[in-house]
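These notes concern the structure reproduced below.
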Amino acid sequence: MSTTKEQPGSRSGGAGPGGDPGWHAREADDVAAALGVEVSEGLGDDEVRRRLDEHGRNVVQEAEQTPWWRLLLAQFADPLVVILLVAAVVAGAVGDLKDPIVIGVVLLLNAGIGFYQENQAQHSMSALQSMLTFSARVRRGGRVSDVEGSELVPGDVVVLRGGDRVPADGRLVRAKGVQVEESALTGEAAAVDKTLDVVDADAPLAERHNRLFMNTTVARGEAEMVVTETGMATEVGRIAERLREEDDDTTPLQRQLRGLTVRLAVVAGVACALVFALGLLQGDAFADVLLDAVALAVAAVPEGLPAVVTVTLAVGMNQMAKRNAIVKRLVSVETLGSTTVICTDKTGTLTLNEMTAREVVSHGRTWEVSGEGYDPEGRIGDDGEDFPTPRDVFLPVVLCSDAEVHDGELKGEPTEGALLVVGLKAGVDADEVREAYPRVATVPFDSARKYMATFHVLTGEDSSRDGEDEPVVLVKGAPDVVLPMCATWWGADGKEDLDDERREQVREAVQALSEQGRRVLAVASRAMDAPADADADEDALAEEHVHDLHLQAVVGIVDPARPEAAEAISTCTHAGITVKMITGDHKVTASAIAADLGIATEAAEGRELDGVEGAELDDLVQRTGVFARVSPDHKVRIVEALRERGEVVAMTGDGVNDAAALKAAHIGVAMGRSGTDVAKEAGEVVLTDDNFATIVNAVERGRAIYDNIVKFVRFQLSTNIGAILAIVVARAATLPTPFSPVQILWVNIIMDGPPALALGVDPPDPDVMERRPRDPDAHVLDLRRLLVLALIGATMAAGTLAMFLYGELVIGDEAVATTMAFSTFVLFQVVNAFNARSETATAFRRHSLANGRLLVALAAVLVLQVLVVHVPVAQPVFDTTALTLTEWLMCAGVATSVLLVEEVRKAVVRARRR
């Protein structure tokens, strides 16, 4: 039973007194005393229950879910949808059933798709909950037993060994050769040494070497820690809290469509008021005038816009999924297209997250090592030149390690994995030699010693004693520690004494590798007279045998950049997108990788962000391409500073440490293969192949989607303007309305349907990644576009009225006049679909034939129009009469005028840009 010296203060999630009082800056005994526990005994059962009642379970609280009915109602809250609902109600009130039915079907379809996608996205906290369903070995009442991880409380003493996952945050009270894999939390690829030493109070998270954090993994060694925080008070819990606090932002597309809605509402209101007033002044019946006004309102507002936007985004989402990018929210697809800055994690995102030996210094020179990651394909040395004595050098490399690599999968410490793989490239298989030469004794790695030593007995060809048993000690560790213990090395002429000149040569090679961002290890060995005593103390073994070594090699190790990452970053840069690396790794290592990839290499450490505000922070974030040694809070500050500058920020990452920044960015892009569940749920896009290059495809698709929505808007609004002008001018000139309400409805149905949807899935323009990102605050319908649409609409209105007057005055048949006007207007839409595909490029190009769906849709429109004109049963419904071939040709000829007008305008624009 423990004696409570100081009770932990009450805090949600289970923290020590008043939260974390700088546990890393206090001695282990002081921490245990502050938490009221004797390490040798642990807490008693009664005290555990009391603390569990006080602090709660060691779980991460889930975010509150939005009720399904609220999600459903939100689909009808868009102003454009409200306008269409009002129009449908008014039309139904005067007895028209066609418009309300069509509008209702479109809106229900749009709402159903949107609701499904939003409902599927509500899982950003569930992964955090599942991560805690594991047990822990805990000392309570003097006995060690397994307990549920959720039952841990502050003050518990947790016993850990290699391979264990850390169940809570804690302070080490015992450590023996401990290394911990923290890349998911800090971003540092290599396992870090852990000690009991007190750390400076201001040390960043990655340098608190006496602390263990929830959901990191003990790579090797044995440890005991006192739990200091549980649940939401842990580092993972703090990240979870940030995820809960972040509000969803509207995307650039949503803001554009809302701005467009206001403009469309104004246009529709003015047009309806004019038609309504003119109708009353001309003595038309009130119901007829109201129905004409409603029909014109429906024509003025593109009711197909929500459906086309939804389908365009859904199709884009499906296409991205086929290209290894899973999108959880439809509008996130478009947001990527407006991205101006990509903040990317290094480890596992730009790099393979597989430590790889790149250089071997031995035999008087530096040998390059080919191959990537844990794949044994590759060789040591240049083509045509074999590495000498590979067995002598790499047998110690392989035997003096604990890791295992099978089929490209690592079990153990990443740096040792790199050594095993370079051994395989030299022809030394770890499984074979470990079975042949089992370990007799071990001096485990220790942060004070900075080396590991193993003892074996070599036989046969591997023995230098003519096949007799040869006891050996094999050593690997930091070069500055191993080199002074060496007496000889492999020089250019074979085994040589290590004099001062040669030692300096080794130091220069180590320095050169370090400046390239390599993690450098030295490997050495020595033959002994007799086998080591397996029962001897490790300090005695080290003192007796680890000296007068032969330096076998110095190995330079790096987490290599993905081969395709450099090209992807180049493409992003060419497209006007800035790429910034944000990592918990060391500044030198991060800068070296950034230089290889083409990222601006001005680097800063996370601590430089502390205390910086305003213009100074803005300047630092703008000019820096690499941020190293950053904490989760630093990542969020960087993202928020970029957002303050007006940037559209995408954040990529794979670790728990990335989750808050993923949520804070406009678009979070998580790695699906190596990423933690937390990162995948926090992100809005998940890359299933962990390939940074996939983001380039996503950006291209996002830009294409925005372009396609603009194409539809141009196509639809030119139709609306043409119809409005034709009706208003005709009524103002005391002419009959050139279209009946049913004909207006027909134009809306056939043009808001397949042709519009086909434009929504138009293939990307060839130059889509040659442009700079668009201004996310620019209006979809700006003055320039409005003037172009007015020109196109005026052309359509003039041609339509010309055909109406021809039928009325020349042929003398009002039914023919109405049918010719109606058919001409439909043909205008068919021709204008080719105009709408580009604002500047000619329609007479190969890309105009790239959209087979559009060609089929337009062909279907032509067939349907011929049917409604010539099929007897359809004529009374659509107020049409049969036309002669000559009349059809006249309608078609007039319809091509809109193509000629646009081609002239586009040619002028292109000429001005030269």
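Just a few scattered comments:
- For the peptides 277-285, 620-628, the ranking by packing is 620-628, 277-285, with the highest mean count of neighbouring Cβ atoms within 10 Å listed first.
- Label-point separation, ALA850 to LYS450 (7 Å along Cα→Cβ), nm: 5.8 nm
- Fully extended contour minus Cα-Cα distance, from GLU468 to ASP537, at 0.36 nm per residue: 22.1 nm
- Over all orientations, the range 447-525 has a Cα convex hull whose mean projected area works out to 6.4 square nanometres.
- Dimensions of the range 586-672 based on its C-alpha atoms, expressed as ranges along the principal axes with the largest first, amount to 34, 28, 21 Å.
- Hz values of 3J(HN,Hα) by residue in the range 811-825 - Karplus curve (6.51, -1.76, 1.60), Gly and Pro given as x: 7, x, 10, 5, 5, 5, 4, 5, 5, 5, 4, 4, 5, 4, 5
- Checking every one of the trypsin sites (Lys or Arg not before Pro) in the range 729-783 against DSSP loop status and a limit of 13 other Cβ atoms within 10 Å picks out ARG771.
- Modelled label positions at ASP777 and THR688, each set 7 Å beyond Cα in the direction of Cβ, lie 3.9 nm from each other.
- Packing rank of 356-363, 34-41, where each peptide gets the mean count of other beta carbons within 10 Å, highest leading: 356-363, 34-41
- In terms of its C-alpha gyration tensor, the range 408-483 comes out oblate, because a/c is 1.5 or above while a/b does not outweigh b/c.
- FRET efficiency estimate (nearest 0.05) - Cβ-Cβ, ASP375 to LEU786, R0 45 angstrom: 0.20
- Cross-link partners of LYS711 among lysines (Cα-Cα below 21 Å; sequence separation of 8 or more within a chain): LYS906
- Taken over the range 730-810, the alpha-carbon convex hull comes to 164 cubic angstrom per residue.
- Accessible-area composition of the chain, carbon plus sulfur, in percent [1.4 Å probe]: 54 percent
- Under the simplified labelling scheme, the ARG912-GLU770 pair shows an inter-label distance of 2.0 nm, with each label point 7 Å from Cα along Cα→Cβ.
- Gain in span if fully extended, LEU72 to THR195, counting 0.36 nm per residue against the direct Cα distance: 38.9 nm
- Using the Cβ-Cβ distance between ALA530 and GLU38 with R0 = 35 Å, the FRET efficiency computed as 1/(1 + (r/R0)^6) comes to roughly 0.20.
- Taking N as its residue count, the alpha carbon Rg of the chain over 2.2 N^0.38 Å: 1.23
- To the nearest ten degrees, helix 885-895 and the longest principal axis of the Cα atoms of the chain are 50 degrees apart.
- √(5λ) per eigenvalue of the Cα gyration tensor, the range 846-914, largest first, Å: 33, 17, 9
- Given charges at beta-carbon only (K, R positive; D, E negative), |dipole| of the chain in Debye: 5180 debye
- Potential lengthening of the chain between VAL904 and THR366 amounts to 187.1 nm, from the contour at 0.36 nm per residue minus the alpha-carbon distance.
- Among the GluC sites (Glu not before Pro) found in the range 563-633, those both in a DSSP coil and sparsely packed, with 12 or fewer other Cβ atoms within 10 Å of their Cβ, are GLU602, GLU613.
- Dipole magnitude for the range 804-868: computed about the Cα centre from +1 point charges on Lys and Arg Cβ and -1 point charges on Asp and Glu Cβ, it is near 580 debye.
- When DSSP beta bridges are restricted to pairs lying wholly in the chain, around 75% turn out antiparallel.
- Dipole check for the range 671-731: with +1 at the C-beta of Lys and Arg, -1 at the C-beta of Asp and Glu, and the Cα centre as origin, the magnitude is about 540 Debye.
- For the range 766-914, the calculated P(r) over all alpha carbon pairs, in 5 Å bins from 0 to the bin holding the longest distance, is 2, 9, 15, 18, 17, 14, 10, 7, 4, 3, 1, 0 percent.
- The range 559-630 - Rg over Rh from alpha carbon coordinates, Kirkwood radius: 1.00
- Look at where the Cα atoms of the range 337-358 and of the range 655-725 average out, and the two centres are 18 Å apart.
- Its alpha carbons give the range 690-784 an Rg and a Dmax of 18.5, 66 Å.
- Around the amide H of ASP559, modelled in the peptide plane, lie the amide H atoms of THR356, all under 5 Å away and 5 or more residues distant in sequence or on another chain.
- Label zone at LEU867, where the point sits 7 Å out along the Cα-to-Cβ direction: the range 735-764 residues whose backbone N lies under 20 Å: 742-758
- Probe 1.4 Å, protein heavy atoms only - accessible area per residue of the chain in square angstrom: 39 Å²
- For LYS635, a cut-off of 20 angstrom between C-alpha atoms picks up these lysines, skipping any fewer than 8 places away in its own chain: LYS346, LYS580, LYS587, LYS663, LYS680.
- When you work out D = kT/(6 pi eta Rh) for the range 404-543 at 4 °C and 1.567 mPa s, using the Kirkwood radius from C-alpha pairs as Rh and the Stokes-Einstein form, the result is 78 µm²/s.
The values are calculated or read from the model by the stated rules, or taken from the named source; none is laboratory data. Worth saying up front: this structure is predicted, and the values here are computed from it rather than measured. Virtual Cβ from ideal backbone geometry, glycine too; neighbours counted across all protein chains shown. These area figures cover heavy atoms from the full protein model, side chains too; ligands, DNA and RNA do not enter into them. Shrake-Rupley method; radii C 1.70, N 1.55, O 1.52, S 1.80 Å.
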